[in-house]
Amino acid sequence: MPVKELREHVKKVQQELADELHCPVEKIPVKDVFDRTGIATRQIAVMLGLTSQELHKQLNDAGVIFRQGNMWCPYAQYVNKGYGLYRHNCINRSSGEVQLDLHWRWTMKGYLFIKYLLASGKQQHNIKVKNTEMQQMEFNFN
């Protein structure tokens with residue numbers, strides 16, 4: 001992707017998020033840009049100088065993600081906002097069994113949301129989520 005097109009894309013995402021969060025566009029920190037296919041929470045944690053556990057705890061405390069078994073999942077209200085997407089990975093076991101692993105990957109918009117959320121503090125963001133909410137997922141195996 002050419003640099004000019006990438007800059008325009010970043011500005012567009014920054015403006016969309018600022019509008020969504022009802023805050024000035026200057027409050028959305030844009031310094032790091034990464035692959036448009038998404039980034040893992042552990043990679044974001046490293047970029048922010050945190051451990052994965054610390055970032056997961058902060059996002060859980062803020063009501064953005066919850067733990068389901070051994071997987072962290074976003075609450076339903078965040079699934080269709082463009083903050084991330086589920087990636088599936090098929091693993092063929094030597095026994096012939098096929099295992100499907102799902103992983104949540106944050107988009108650039110999600111990464112900027114996390115940076116905004118951590119910079120502003122969860123009290124200012126005022127996220128309200130019911131503990132019983134679950135994410136809805138659609139799978140396309142084509």
Check: Given the structure, is Gly96 under 11 Å from the mean Cα position of the chain (by Cα), more than 13 Å from Ala40 (Cα to Cα) and of a type in the set (Gly, Ala, Ser)?
Finding: no
Next item on the list: Residue by residue through the range 47-59, note down the ones that are surrounded by 13 or more Cβ atoms within 10 Å (Cβ to Cβ) and either modelled with pLDDT of 90 or more or of a type in the set (Ser, Thr, Tyr) (or both).
Entry: Leu50, Ser52, Leu55, His56, Lys57, Gln58, Leu59
Check: Taking Ala62, is it open to solvent by less than 90 Å² (accessible area, probe 1.4 Å), more than 13 Å from Met108 (Cα to Cα) and modelled with pLDDT of 80 or more?
Finding: yes
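Evaluate the following for Lys27: is it modelled with pLDDT of 85 or more, under 25 Å from Ser120 (Cβ atoms), basic (Lys, Arg) and open to solvent by 80 Å² or more (accessible area, probe 1.4 Å)?
Details: modelled with pLDDT of 85 or more: no; under 25 Å from Ser120 (Cβ atoms): yes; basic (Lys, Arg): yes; open to solvent by 80 Å² or more (accessible area, probe 1.4 Å): yes.
Spelling it out, it is not the case that Lys27 is modelled with pLDDT of 85 or more, under 25 Å from Ser120 (Cβ atoms), basic (Lys, Arg) and open to solvent by 80 Å² or more (accessible area, probe 1.4 Å).
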Next item on the list: Would you check if there is a residue in the range 73-83 being farther than 21 Å from Glu16 by Cβ, open to solvent by 20 Å² or more (accessible area, probe 1.4 Å) and touching a helix residue (DSSP H, G or I) at 6+ places or on another chain (Cβ under 7 Å)?
Entry: no
Next item on the list: Read through the list (1) modelled with pLDDT of 85 or more; (2) open to solvent by 90 Å² or more (accessible area, probe 1.4 Å), then give the number of the only condition that Arg36 fails.
Entry: (1)
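The values are calculated or read from the model by the stated rules, or taken from the named source; none is laboratory data. Note that the structure is a prediction, hence the values are computed from the model and not measured. We place every Cβ from the backbone using ideal geometry, glycine too, and count neighbours over all the protein chains shown. SASA here: full protein model, heavy atoms, side chains in, ligands and nucleic acids out. Shrake-Rupley method; radii C 1.70, N 1.55, O 1.52, S 1.80 Å.
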